[in-house]
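Accompanying notes for the structure given below.
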Amino acid sequence: MLNRFIGLSAAIVGRSSRISGFAFSPLLKAGNQNQNRTMSAGKAFKVLVTHPEVPQEGIDLLKENCEIIQVQSVPTNRAELLEKIRGVDGVLWGGHQPLNAEALDAAGPQLKSISTMSAGIDYVDVPEVKRRKIPLGHTPTVLNTAVADLAVGLLIAASRRFHEGRKKIDNDQWENYHLNWLLGQDIRDSTVGFYGFGGIGQAIAKRLSGFDIDKVLYTTRRRVHKEIEEEFNAKKVDFDTLLAESDFIVIASPLTKDTQGVFNATAFNKMKQTAVLINIARGKIVNQDDLYEALKSNRIFSAGLDVTDPEPLSPTDKLLTLDNAVVLPHIGSATKRTRADMSTIAAHNVLRGLAGEPMLSPAY
């Protein structure tokens with residue numbers, strides 16, 4: 001495959017080696033197949049970047065050995081994407097447009113490497129990509145720190161009534177003459193439940209350990225390693241136990257057919273009335289109409305959401321009328337360093353897929 005990107009220099013490797021959890025190494029020299037293949041710019045492969053705001057760090061890596069084509073529309077114009085994807089060898093999928101048979105058909109049979117720039121890939125028709133035997137990468141782990149930081153911020157904001165307090169100021173209702181005004185929930189000595197306890201969930205638990213929580217409960221398909229349980233004083237429990245015993249519940253699970261809508265009226269009715277719900281995963285895991293009723297009726301204490309259903313959420317959505325709902329516009333990974341690292345991992349995934357090397361972060 002034209003020397004498998006010998007041009008990936010030690011300098012490039014050094015630029016990205018600071019990313020936690022990934023080991024970078026120069027790609028190895030390839031055999032002689034396709035050596036006669038050339039591009040007009042002297043590049044070995046043609047790669048589509050599907051968003052104009054993909055950080056330059058990832059673009060620079062690809063440019064070393066690839067001809068870059070880039071979608072320029074914001075929001076992404078589907079017609080432009082489908083036009084520009086024709087004939088490309090690799091794709092860095094930089095948004096949440098559906099990655100499905102339509103896009104793969106438009107690309108053509110020569111497409112041999114794809115990476116998203118996201119941890120979740122619910123917008124990808126994974127069985128279709130797999131059926132075509134195209135390597136698929138994504139970028140989990142690298143965003144754990146940023147998302148965990150935001151999750152703790154949401155947990156504090158929702159439990160200590162930040163949103164409601166700010167509204168009191170805005171509406172000239174600062175009632176500091178009351179001794180029991182705007183009392184919130186304590187994190188200290190609490191039980192924190194995790195629906196999903198992978199890398200992000202564990203990063204959140206690590207941060208919350210500094211708040212002197214009592215214990216961690218978690219619901220997952222598989223038990224985590226015993227060492228992890230010991231580190232966080234964590235115990236695997238069934239979903240009903242998680243709901244009944246947790247003072248805080250953090251949703252950190254992928255969206256699947258099994259997790260969609262699992263937090264519904266039935267679930268909320270099993271939670272403590274003082275419970276705080278945090279969702280930094282996917283909006284569709286929560287039945288939002290049922291959540292609205294649970295919050296409005298004070299069936300649960302509050303919720304902090306970085307994800308909603310749909311996204312963007314309408315500014316007239318009834319959820320936004322509630323004092324006890326803290327809602328953010330899906331900014332969990334939105335730090336400059338994290339997005340740069342995500343683009344770097346995605347670029348390495350694409351390059352390694354083109355070279356026939358295992359991806360740094362394969363989706364399957």
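The values are calculated or read from the model by the stated rules, or taken from the named source; none is laboratory data. This structure is a prediction, so every number in the text was calculated from the model and none was measured. Note: ideal-geometry Cβ built from the backbone for every residue, glycine included; neighbour counts use all protein chains shown.
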request  = From V237, V307, V286, V326, grab the single residue that is of a type in the set (A, V, I, L, M, F, W, C) and touching a Phe, Trp or Tyr at 6+ places or on another chain (Cβ under 6 Å).
outcome  = V286
query = Counting only residues that are touching a residue at least 60 places away in the same chain (Cβ under 8 Å) and surrounded by 17 or more Cβ atoms within 10 Å (Cβ to Cβ), which one in region 311-326 is nearest to P75 (Cα to Cα)?
reply = V326
query = When you look at K112, is it in contact (Cβ under 8 Å) with a residue 24 or more places away in the chain, more than 30 Å from S209 (Cα to Cα) and surrounded by fewer than 16 Cβ atoms within 10 Å (Cβ to Cβ), yes or no?
reply = no
request  = Check K296, K257 and return the single one that is closer than 22 Å to A157 by Cβ and charged (D, E, K, R).
outcome  = K296
task = Quick one: count up the residues across region 227-251 that are within 22 Å of R161 (Cα to Cα) and hydrophobic (A, V, I, L, M, F, W, C).
result = 5
inquiry  = Out of the helices (runs of 4 or more DSSP H) lying entirely within region 256-364, which hold 1 or more residues that are charged (D, E, K, R) and either modelled with pLDDT of 95 or more or within 30 Å of D89 (Cβ to Cβ) (or both)?
reply    = 288-296, 336-354
key: Filter result for T344 (β-branched (V, I, T) and surrounded by fewer than 18 Cβ atoms within 10 Å (Cβ to Cβ))   = no
inquiry  = Looking at region 200-218, can you tell me whether even one residue there is farther than 19 Å from G332 by Cβ, of a type in the set (V, I, T), in contact (Cβ under 8 Å) with a residue 24 or more places away in the chain and not in a loop (DSSP other than H, G, I, E, B)?
reply    = yes
request  = Determine whether region 250-263 contains at least one residue that is over 26 Å from N298 (Cα atoms), touching a residue at least 12 places away in the same chain (Cβ under 8 Å), surrounded by 14 or more Cβ atoms within 10 Å (Cβ to Cβ) and within 25 Å of the chain's Cα centre (by Cα).
outcome  = yes
